[in-house]
Every structure is written in C-alpha cells, then in structure tokens.
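Below is one structure, written out as structure tokens; comments come after it.
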Amino acid sequence: MVAWKNMDTLKAYQAMAEKKTDVNLKEVLSGDAGAERVAKYCVPMAEGLAYNFAAKKVDDGILEDLAAFAKEAQLTEKFAELAGGAVINTGENRLVLHHLTRGQLCGPVVADGTDKRAFYETQQKNIAEFTKKVHAGEITNAAGEKFTTVVQIGIGGSDLGPRAVYLALENWARANGTLKMEARFISNVDPDDAAAVLNTTDVAHAIFVLVSKSGTTLETLTNESFVKDALEKAGLDPSRHMIAVTSETSPLAKNSGYLAAFFMDDYIGGRYSSTSAVGGAVLSLAFGPEVFAAFLEGAAAEDKLAMNENLLENPAMLDALIGVYERNILGYGSTAVLPYSQALSRFPAHLQQADMESNGKSVNRFGEPVSYRTGPLLFGEPGTNGQHSFYQLLHQGTDIIPLQFVGFKESQFDKDVVIQGSTSQKKLCANVVAQIIAFACGKDDENNNKYFAGGRPSSIIIGKKLTPQALGALLSHFENKIMFQGFAWNLNSFDQEGVQLGKVLAKRVLAHETDGALKAFSDLFEI
Ligand code: F6P
C-alpha cells in the first residue's frame, strides 16, 4: 500500500533539509576529477539519449539522500499504482492513463467496462486507416481532389503538444521524404490567428481537425465557427472538410457534421494527450501513421525506464528529484528549458503547460495547504537564439536559475556548411558546451561588470539526432519527471482548477454582468 504524505513529513527530506549541502560547481568540475565527473554523472535514456547531470549541484552523498527520499516517498510504487489504473487524479476522481496510449506497463486496466489499452489501440488503428485513405486519395474533397494541408483547431493541450511535436519532426520528415501534408494550427480566440491561417491556406484542399476533449472550450468552438464560415463562403461543405477528436462523452461526439471522429477519454489530461488521438490525428495525417507509431515507440521505451526503482537507472525520477532539491533545499524558484535545436522551438511552450498546469498548486492531493514550495516557473527558448536574449540574466542576474539543456550531435537535414573550419552543427554544439561551463564555473574579473559568479547548475539531455523515436523518449522523460515531482510534493498533478476562475469572469464580462473594477476594465475595451 502506498502512503500519500506531505514531503516535509518524510524523514529523508528532513535529513536533506538539515544538511542543506551546496556543491561548488567550479571545484567539482575542475581538472581530471571534473572530466571524470562528466563521464560518471550520466545515465542512459531510451533511444540513444543520455541525461548528463555533471553540472548539477549534487554529489554522491546527495544522490544517496535523494535515493532514500525516492524510497520513502514510494515514488516508483506510486507510478505503478498510476499505471495499474488507480484513481490518481483525486480532484476529478479519475484514472490517469496517458502511458497506456503507448504501451502496457502493468496488467490490463479496465475502466467503464472497457480494456483501456485496447481502446487507445483501436483509436490509433482507426486513425491510421482514415489517414491512409486520405493520403491515397480515397477520401477527398467534394471535387474528388486530394487534401494537401491539415489544420488543427484546439487550444492548450489540444494545441501545444501536437504543435511542438509537428514542428520538431517537420524537417526530419522533409529530409526523409515522409512529409505527407503540411500542418497548420489555429488556437487563439484572437480572430487574427484564424484569419492569418485561413488567408494563407488553400481551404479547398484542407482538412480541419477539431480537437477538444471537453467539447466546450470557448476558443475552440469559436474557431470552429470561424472556419466553417470561411468554408461556406468559399462554397465548400464544412462536413466534407472536418474531423473531430474528442472524448466520447463530449457534446462534439454527438455531432454528425464531421467526416470522422476519433476519441480520447477523461483519463488523459489535455497536456498529456500528445500520444493519444489528439496528437495521433494531426501527426499521422502530416507524417503518416508509421512515423506516429515510431514516436509512440520512443515514449514507451522511456516509460519503461521510469519504472526502475534504482534512482540512477531512472533518468526521469533522477531529474525530478534534482529539481526538488533545487526548489526546496537550495530555494531556486525558476527553471529554463533550453533546446539547442531549432526544431524544438515550441517544446518549451508545451512544457510550460505540462509542468506549470500540473504542479503549480498550493494544496496537496487532499486539498490541504502545503507549507513548502511546489512547481517552479518554467520558461525557455532554443539556443543559440536565447544566448542573444535573456542569457544575460541567467549569467549575471541576482537569481540562480537551474537550466535544462537538450542537444543533438547531428542536424535533421544533411545540408550544412563549413565556415572557419567548422560546420554550423558543430558551432551549435560548441555553444551549448561552452554555456554549461560558463554557467557552472563563471569567470573572475577585477571589473565587477565582467565578473561571472558561476555556480549556476545545468543538466543536458544529449542525443544523436532528433528522430520520431528520440522525440517520443524526450516527451516521456518530461511527462514522467513532472509526475514524480508531483508525487514528491504530494500534489494532484492531473487537474487544473487554477484556470477556471478567469473563464468564469470572461463569461460574465461578455454577458455584461459586471460591476466595479470588472466593469471599469471592460469599459476600457468597450466590450
Ligand atoms: O483551460 C485549460 C484547459 O482545460 C487545458 O487543461 C486543456 O488542455 C485546454 O483547456 C483545452 O481543453 P479541451 O481539449 O477540452 O478543449
């Protein structure tokens, strides 16, 4: 039986807090010992990735303490409970089943009389069949012409993950001749978002994927009407151009105005839905179902590693606990995800939702306030672009912000150029290596303005190339990291009540049911 306890009641946590060891990165990374540390503090991930934490503020003693903490907090047992179908989402009284979309970690999970693995596989099969017909020209527009573009309409988890994954693999697919259809995305209720996409899309040859788990999201329903209106004005029948991805209980599921409908369910949170039908439809249409299957394969392989009890064989749990150490023992309030890969340009945006909507909570899973810090603020941008933007603050600002780099040895396209003795890819990699040491070790200078204090911790996930499998493993790593941190903080990471209040007030504003400051602000916009 697992026991859900607040972090500060655990002996292993209290012991760590008492010691409060702060490792001197400059010291531990210097000389031969530093080189040995880079080789030693590195754990293999799935699909040829590796998690290197040599530039994190840990030592063997802290790692032992973190392992003792993981054990006392029963982190892997809690994951096993989740994977086995326990009601982990206490706020909404739901199972948490996104892992089942890519594999079966424990025995069968039956809910509502259905084997859930079979349900998700059926959806994938249905999507694959539909997709193949679209690609083969068996499902066409009314004029019998092939669809060439897929446009996803959705917001939050129904946008960010699938969009980040599409962008991450678009160039890989081009390079490998497997880009079947270009994908576009409409998410914001800002009419300029839909208009900009529609103005630059050949709507007569576009298939729209309406994605909403709840089927009630204001932005998505508004954008659906926006698109239908544009299709009708172009003399097209919207029902020949739209498919839906939703839960079987949502109002959209009962609507017959779609070419096809595919399903996820209430046991998959929006921000964890990239590997469900939510990501499956758009990504299979864009790249082909085989590429989507390869992405799932990578995620499944990484999920398996997350079951390991041994902290040093479980990269997601290790990453999670180093993060807890930084947040709660060292007191760092933010973290940045910095992929040295342009293809991962929207990956930090996806992680913003995945992480902050999951662990941005002040009450534990029983609704009681916790008296320790929980999820950090997360932001990020690809390098090297970020270096020319906010890295000034990261290097010399008054806050220490732990960093999470991601980098690959090879680019997705073969096209590269040698200038001054190195390729662009080597220059990219050289920059991330330089940043790790610059942040960790700093630089002395008599001029304070040019002085770098160092002591700024980072980790890096390194891979050979960003492929569908590697991306799946990367996504799973971060999803599981967030899950383990939620377990450590004793949170329910799978609801999101914090987004509701604003929605309710926006409805009141639109209904003109306002007074006081709410009315005054509304009047500023002449709503
Ligand atoms: O407002 C937040 C949220 O509920 C997210 O959690 C979710 O990903 C998003 O809205 C979209 O929800 P839906 O898929 O139900 O339209």
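The values are calculated or read from the model by the stated rules, or taken from the named source; none is laboratory data. Because the structure is a prediction, the values reported are computed rather than measured. Don't worry about glycine lacking a Cβ; one is built from the backbone with ideal geometry, like all the others, and counts go over all protein chains shown. Keep in mind that these areas ignore ligands, DNA and RNA; they rest on the heavy atoms of the full protein, side chains included. Shrake-Rupley method; radii C 1.70, N 1.55, O 1.52, S 1.80 Å.
Values as computed for the structure displayed
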item: Among residues of region 222-255, those that are small (Gly, Ala, Ser) and in contact with a helix residue (DSSP H, G or I) (Cβ under 8 Å, 6 or more places away or on another chain), counted; result: 4
item: Qualifying position, being assigned by TED's automatic domain parsing to the domain that holds Ile155, hydroxyl-bearing (Ser, Thr, Tyr) and more than 29 Å from Asn176 (Cβ to Cβ), among Tyr267, Tyr325; result: Tyr267
item: Residue within region 323-341 that is among the small types (Gly, Ala, Ser), under 14 Å from Ser476 (Cα atoms) and not in a loop (DSSP other than H, G, I, E, B) present; result: no
item: Residue check, Ala430 among the aliphatic types (A, V, I, L, M), under 21 Å from Ser345 (Cβ atoms) and either surrounded by fewer than 19 Cβ atoms within 10 Å (Cβ to Cβ) or in contact with a Cys (Cβ under 7 Å, 6 or more places away or on another chain) (or both); result: yes
item: Output for region 342-364, where each listed residue is open to solvent by less than 20 Å² (accessible area, probe 1.4 Å) and either in contact with a Phe, Trp or Tyr (Cβ under 6 Å, 6 or more places away or on another chain) or within 16 Å of the ligand (Cβ to nearest atom) (or both); result: Ala349, His350, Leu351, Ala354, Asp355, Ser358, Asn359
item: Some residue of region 123-142 being within 20 Å of the chain's Cα centre (by Cα), open to solvent by 50 Å² or more (accessible area, probe 1.4 Å) and at negative phi; result: no
item: Segments classed as helices (runs of 4 or more DSSP H), wholly inside region 378-490, with at least 3 members that are within 18 Å of the chain's Cα centre (by Cα); result: 468-489
item: Cβ pairs under 7 Å, 6+ apart, first in region 216-231 and touching a residue at least 40 places away in the same chain (Cβ under 8 Å), second near the ligand (Cβ under 9 Å from one of its atoms) and not polar (S, T, N, Q); result: Thr217/Ile155; Glu219/Ile155; Thr220/Gly154; Thr220/Ile155
item: In region 47-84, the residues that are open to solvent by 20 Å² or more (accessible area, probe 1.4 Å) and assigned to a loop (DSSP other than H, G, I, E, B); result: Asp59, Gln74, Gly84
item: Within region 185-215, considering residues that are within 11 Å of the ligand (Cβ to nearest atom) and open to solvent by 10 Å² or more (accessible area, probe 1.4 Å), the one farthest from Ala286 (Cα to Cα); result: Ser214
item: Checklist (1) surrounded by 24 or more Cβ atoms within 10 Å (Cβ to Cβ); (2) within 14 Å of the ligand (Cβ to nearest atom) applied to Asp266, failing item; result: (1)
item: Qualifying residue in region 460-482 (condition: touching a helix residue (DSSP H, G or I) at 6+ places or on another chain (Cβ under 6 Å) and open to solvent by 60 Å² or more (accessible area, probe 1.4 Å)); result: yes
item: Leu501 vs. criteria at pLDDT 95 or above, out of contact with any helix residue (DSSP H, G or I) (no Cβ under 6 Å at 6 or more places or on another chain), within 16 Å of the ligand (Cβ to nearest atom) and open to solvent by 70 Å² or more (accessible area, probe 1.4 Å); result: yes
item: Set Leu218, Leu236: member being surrounded by fewer than 19 Cβ atoms within 10 Å (Cβ to Cβ), in the same structural domain as Glu182 (by TED's automatic domain parsing) and away from the ligand (no atom under 11 Å from the Cβ); result: Leu236
item: Whichever residue in region 458-498 is within 22 Å of Pro402 (Cα to Cα) and among the β-branched types (Val, Ile, Thr) and, among such residues, is nearest to the ligand (Cβ to nearest atom); result: Ile482
item: Sole exception among (1) more than 16 Å from the ligand (Cβ to nearest atom); (2) crowded, with 19+ Cβ neighbours inside 10 Å for Thr114, by number; result: (2)
item: Pairs, first assigned by TED's automatic domain parsing to the domain that holds Met181 and open to solvent by less than 10 Å² (accessible area, probe 1.4 Å) in region 282-307, second in a helix (DSSP H, G or I) and of a type in the set (Asp, Glu), C-beta under 9 Å, six or more apart; result: Ser284/Glu290; Ala286/Glu170; Phe287/Glu170
item: So Ile243, is it outside any loop (DSSP other than H, G, I, E, B), in contact (Cβ under 8 Å) with a residue 40 or more places away in the chain and buried (at least 20 other Cβ atoms within 10 Å of the Cβ); result: yes
item: Pairs with Cβ under 7 Å, 6+ apart, first in region 480-493 and at positive phi, second of a type in the set (Phe, Trp, Tyr); result: Asn490/Trp4
